[in-house]
Amino acid sequence: MRNNVSITTKMMDHMKSAGRLAGKVAIVTGASSGIGEATAKLFAEEGAQVVVGARRAAELNHLVDEIEACGGKAVALPGDVCDEAYARALVHLAETTFGGLDIAFNNAGTIGGMGPTIEVSAASFVETVTTNLVAAFLGAKCQLPAMLRRGAGSLIFTSSIAGHTVGFPGVASYSASKSGLIGLTQSLAAEFGPRNIRVNAILPGAVDTPMYRQMNATAEAQGFIANLHALKRVSSPEELARAVLYLASDDASFMTGAAMIVDGGTSINRT
Ligand code: NDP
């Protein structure tokens, strides 16, 4: 599923003036669909030059075409975030094409390893944790030196309420990986705060993306999930993108080490 929000001429005019990310260079992983795609578009609309990553080249190229057709600047590099060489190549591309790196949204993820926990193989657990957590560490490890060269930066990870406030059954590896991202966020925030790099995690509730549709294929399942939210609906990818934009921008200049919940009230709606 591709989200149906396209960039308009009005947005293009805004890009050319001072958007909230004017002059910034950003990496967005998991940009071939869902939250990452919506965020890459919004970052470009707000004036950032964006390097987009994921494995599916055609989707990334389509996204770049869409951004460029409206006057924005983006470049795609397909690859697997679990590969450290790929993480390094994304940073190299940002520096050689756009002159540096200010923002990294390490968002790529998978909902692998689902099902009764005693039936989940160690290999499947490791695969999920590798994609969701180890890859985020590798991304940060490669991105931080570029931000240090810049003298500032904003790193953002996509965690989940499934790794923090809400225990969902049957997603042990996913939840463990998303909890791990919060620890990673807090440690990096403490280590790099003195050097002017902010590190935060965003914790969505359910967001209407291909991952969500894969997990909740029927209207009944989608109704059940929507009902868990105090707002009685799931989020759009664009609503999440606006929260990520906040963390990326100077509006969040005093925010670091935060696990920012954007869940439509799921966490407080447990009775
Ligand atoms: P999507 O399935 O739409 O997006 C997942 C993205 O991750 C795709 O762009 C996919 O690209 C990329 N990806 C997955 N594995 C890899 C890999 N090994 N290497 C490179 N890219 C990879 O789902 P969402 O937009 O929903 O997911 C984005 C993030 O949000 C994930 O971290 C997810 O866990 C998190 N999240 C989602 C929620 C939801 O309800 N949707 C709730 C809470 C958190 P490609 O297949 O092209 O490689």
Do we have any residue at all in region 41-52 that's within 12 Å of the ligand (Cβ to nearest atom), touching a strand residue (DSSP E or B) at 6+ places or on another chain (Cβ under 8 Å) and either in contact (Cβ under 8 Å) with a residue 12 or more places away in the chain or open to solvent by less than 10 Å² (accessible area, probe 1.4 Å) (or both)? yes
Outside any helix (DSSP H, G or I) and closer than 19 Å to Thr29 by Cα, is that true of Asn200? yes
Test result for Ala94, surrounded by 18 or more Cβ atoms within 10 Å (Cβ to Cβ) and in contact with a Leu (Cβ under 6 Å, 6 or more places away or on another chain): yes
Confirm whether Val120 is open to solvent by less than 20 Å² (accessible area, probe 1.4 Å) and aliphatic (A, V, I, L, M). no
Please indicate, with yes or no, whether at least one residue in region 247-264 is without any contact (Cβ under 8 Å) to a residue 40 or more places away in the chain, in a helix (DSSP H, G or I) and surrounded by fewer than 17 Cβ atoms within 10 Å (Cβ to Cβ). no
Could you look through region 54-75, keep only residues that are more than 12 Å from Glu37 (Cβ to Cβ) and in a strand (DSSP E or B), and pick out the one that is farthest from the ligand (Cβ to nearest atom)? Lys73
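This table checks each residue for (1) more than 24 Å from Arg149 (Cα to Cα); (2) basic (Lys, Arg); (3) at pLDDT 95 or above.
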| position | (1), (2), (3) |
| --- | --- |
| Ala206 | yes, no, yes |
| Tyr212 | yes, no, no |
| Leu240 | yes, no, yes |
| Met255 | no, no, yes |
Taking the condition surrounded by 18 or more Cβ atoms within 10 Å (Cβ to Cβ) and more than 26 Å from Ala243 (Cβ to Cβ), does Val81 pass? no
How many residues of region 143-196 are among the aromatic types (Phe, Trp, Tyr), in a loop (DSSP other than H, G, I, E, B) and under 16 Å from the mean Cα position of the chain (by Cα)? The answer is 0
From the options Arg213, Arg195, residue that is open to solvent by 60 Å² or more (accessible area, probe 1.4 Å) and more than 12 Å from the ligand (Cβ to nearest atom): Arg195
Residues located in region 95-120, provided they are farther than 18 Å from Gly30 by Cα, in a loop (DSSP other than H, G, I, E, B), away from the ligand (no atom under 16 Å from the Cβ) and among the aliphatic types (A, V, I, L, M): Val120
Might you let me know whether region 76-83 holds any residue that is among the aliphatic types (A, V, I, L, M), over 25 Å from Gly205 (Cβ atoms) and in a strand (DSSP E or B)? yes
Among the residues listed as Ala176, Ala104, the single one being under 23 Å from Phe192 (Cα atoms) and touching a Gly at 6+ places or on another chain (Cβ under 9 Å): Ala104
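The values are calculated or read from the model by the stated rules, or taken from the named source; none is laboratory data. Bear in mind that the values here come from a model prediction, so they are computed numbers and not experimental data. Every residue, glycine among them, receives a Cβ derived from its backbone with ideal geometry; neighbour counts consider all protein chains shown. Just so you know, the surface numbers come from the protein's heavy atoms only, side chains and all, with ligands and any DNA or RNA stripped out. Shrake-Rupley method; radii C 1.70, N 1.55, O 1.52, S 1.80 Å.
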